[in-house]
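One structure is given below, encoded as structure tokens.
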Amino acid sequence: MLTAIVFLPLIGSLISGFFGKRLGETLAQWIPTGLLFVSALFSWIVFAQTLGGEDRLVRLFTWISSGELQTDWALRADPLTAVMLVVVTTVSALVHLYSVGYMAEDPSKARFFSYLSFFTFAMLMLVTADNFLQMFFGWEGVGVASYLLIGFWHQKDSANAASMKAFIVNRVGDFGFLLGMFGVFAVFRSLDFDTVFAAAPQYAESTFHFLWMEVKVLEAICFLLFIGAMGKSAQFFLHTWLPDAMEGPTPVSALIHAATMVTAGVVMICRLSPLFEWAPGALAFVTFIGATTALFAATVGLVQNDIKRIIAYSTCSQLGYMFFAAGLGAYPVAMFHLFTHAFFKALLFLGAGSVIHAMHHEQDIRKMGGLWRYIPLTFVMMVVGTLAITGLPLLSGFYSKDAIIEVAFVGKGWTAQYAFFVSLLVAAMTSFYSWRLIFKVFFGPRVWKDDPDPYPTPVEEAHDDHAHGDDHGHGHHELHPHESPKTMLIPIGVLTVGAILAGAIFAPGFIGDGYEEFWRGSIFFGPNNHVMHDFHYVPLWVKFAPFMMMVTGFFIAWTLYERRRDLPAKLARSQEALYTFFLNRWWFDQAYDFLFVKPAQALGRFLWKKGDGATIDGAIDGASMKIAPAIAGLLRRAQSGYVFHYAFAMILGVVVLVGLAVV
């Protein structure tokens, strides 16, 4: 069954990719979709079996056998894997079903479903890996799939640029992962998880000399591995690819942000907890980067106008929550938030896709308004998703996000204090920009009919962050918003149920008193790690603080976008520098362009003009245009046409040969 879970999506991908045209559009969509639903059903069965205490390891074959490197291709099923199997296959199956309706007018359906199923297969390979090399295979697989899907509409220059950007930025992170993996093999002489984890305590105090420093071996390895997670999960400094990834179709955005790709880094940290627990410095770095990412993404999300980018920055911020929870040693809490986040984030993205579908591919929330009357089902479900992500009590986000904030309160060190302060601030920001989206899209004046934005600010006009026109970018003048087809609404409805119930149902097992029995060794806790016990005993004000932040954010959004709609323009004008700073994403793209892109282009031009053009081409051209004609001129003189000249040359040749023979 475990083998079927992993390889059914691959089979669906191959069928759609190689035989899609012969099968026809209908079968090319429904075959991979049906196989994903079978895989999802099997995943829930394996999840139930794992909760009952049945771990398993399926060894398929020996992959690499070279000297000390002995690597099997094996599928590992323990509680951590089972949780991810459920998340990946369930969300992917619903996204496949949703795509049947969403991509109805696209002529390349077979190719799209092939890529989508391959994306799922690569993520399943990653989460079922039994060794570092197999994990890296899945790691690179999701990178390739994201490149193909982000640039799916390759006729758009912006989509091609976005796919290249995602691929290149991830290569930076993957280089760190590779170095970390090389370090693991150099130290442990194995890439097998169980072998490495068992030997890790022996190297807790081992050091090596690097430059002028003595560096702990495990600190260096974990730091390098986390660099890989920073790229894949769009953490601070390597986050720049994530907003541009919105150039892909909306179902791709939902799959990347809810179940695959960006969650890979969190899973990797939790899987490698037996290493990270012996590297407190690396964990502190994880905490700092996670908290900073949450703050950065939340501030940028405050001022975005593209409906998908707002939700994308929300993902980036929530990933920051997950990482700093893991950095504080609360791996089950990080995984729990990953689990609940999958439901409400997929819900919000697919709901946004329904809005875009209703608005004839418009993505700018300033060109919407008053839509709740026209798409009431989408409206209700997106409100549920918003309530979940902002942490309304009894919804899924309340259980997981509040737990992370409580973990930060009881954590040790200045990074924990920093994370706690940031987590409360970001909770208010999350509530604000989430409700801003709801108010701008579903309430207020009907901006979309024929009117321009009734409240544009001079700053918005100068720094307009226009949507790129998701999907086909068709313009329009008169809109007739309509509800999406059932193939799109049913998946959103299922995710709505998950956003409501997932937290309450699974909180006792994931993070309750029986968490150790639930995770059963798939997550490791060091001897000094008591955070999972301590966070249950925080002061009452800490438990109420996230709710107050949520209410504060809602009240500010309601005041600015419902009660006093003239205030955002005044606020933007009065704080133009800060507004521009947030709107331009802290100037990261411009800084990277100045520091890396332009120097690389200048070096490339130099090597092209001076190296290839002047040196290589110049040398060849010089040889062919100067030396060769000179030699030809000399030889031409020897061809005089007189017989005695040729006879003399022959005699001279004979003399030379005889002379050589005598010597």
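Every number in this text was worked out from the coordinates using simple rules, so none of it is lab data. Source: prediction; values computed, not measured. So basically every Cβ, Gly included, is an ideal-geometry build from the backbone, and we count neighbours across all protein chains shown.
When only DSSP loop residues count, what chymotrypsin sites (Phe, Trp or Tyr not before Pro) in region 142-214 have their Cβ near at most 13 other Cβ atoms within 10 Å?
Details: sites: Y147, F152, W153, F167, F175, F177, F182, F185, F188, F193, F197, Y203, F208, F210, W212; in loops: F152, W153, W212.
Listed in order of number, the matching sites are W212.
Between A628 and L394, the simple spin-label model (points 7 angstrom out along Cα→Cβ) gives 8.7 nm. For region 221-237, putting each phi into the Karplus relation 6.51 cos²θ - 1.76 cosθ + 1.60 with θ = phi - 60° gives couplings of 4, 5, 4, 5, 5, 5, 4, x, 5, 4, x, 5, 9, 6, 8, 3, 5 Hz, in residue order, rounded to whole numbers and with x for Gly and Pro.
For the chain, build the convex hull from the C-alpha positions and give me its volume per residue in Å³.
Hull volume over Cα atoms, normalised by residue count, gives 248 Å³.
Region 126-173 and region 33-100 have Cα centres spaced 20 Å apart.
Which stretch or stretches of region 525-569 have amide N atoms under 17 Å from the point lying 7 Å from E205's Cα along the Cα→Cβ direction? Correct set: 527-528.
Compute the whole-percent fraction of alpha carbon pairs in region 217-309 spaced more than 23 Å apart.
Values: 1223 of 4278 pairs.
For region 217-309, the share of Cα pairs beyond 23 Å comes to 29 percent.
Rg/Rh, computed from the Cα trace of region 270-363 with Rh as the Kirkwood radius, has the value 1.10. Among residues other than V144 with Cβ under 12 Å from its Cβ, the summed charge is -1 (Lys and Arg +1, Asp and Glu -1).
Please work out how much length the chain gains when fully extended from Q601 to D194, using 0.36 nm per residue of separation minus the C-alpha to C-alpha distance, in nm with one decimal. Before the final figure, lay out each step's value.
Values: separation 407, 0.36 × 407 = 146.52 nm, distance 4.50 nm.
That pair, Q601 and D194, stretches by 142.0 nm at full extension.
Full extension of the segment from N584 to H482, taken as 0.36 nm per residue of separation minus the current Cα-Cα distance, would add 33.4 nm. Can you pick out the pairs among K21/K156; K345/K401; K308/K401 whose Cα atoms lie more than 18 Å from each other? Table pairs above 18 Å Cα-Cα are K21/K156; K308/K401. Over region 99-150, the Kirkwood radius and the radius of gyration, each from Cα atoms, give a ratio Rg/Rh of 1.11. Note on K216: lysines with a C-alpha under 30 Å away, same-chain residues under 8 apart excluded, are K232, K412. Dividing the radius of gyration of the alpha carbons in region 502-646 by their Kirkwood radius gives 1.50 for Rg/Rh.
Label-to-label distance for E214 and D612 is 5.1 nm, based on points extended 7 Å past Cα in the beta-carbon direction.
Would you mind calculating the gained length between D534 and I490 on full extension (0.36 nm times residue separation, minus the Cα-Cα distance), in nm to one decimal? Each step should come with its number before you reach the end.
Numbers: separation 44, 0.36 × 44 = 15.84 nm, distance 4.07 nm.
Full-extension gain reported as 11.8 nm.
Ordering A282, V643, G12 by the projection of their Cα atoms onto the charge dipole of the chain, which places +1 on the Cβ of Lys and Arg and -1 on the Cβ of Asp and Glu, puts V643 at the extreme positive end.
Semi-axes of the equivalent ellipsoid for region 591-662, computed as √(5λ) from the eigenvalues of its C-alpha gyration tensor and ordered from largest down, come to 55, 16, 4 Å. Each Lys or Arg adds one and each Asp or Glu subtracts one; over the other residues with Cβ under 14 Å from the Cβ of M230, this totals +1.
Annotation: amide H-H contacts under 5 Å for Q70 (H modelled 1.01 Å from N, sequence separation of 5 or more, or interchain): L191. Among the chymotrypsin sites (Phe, Trp or Tyr not before Pro) found in region 564-663, those both in a DSSP coil and sparsely packed, with 15 or fewer other Cβ atoms within 10 Å of their Cβ, are Y642.
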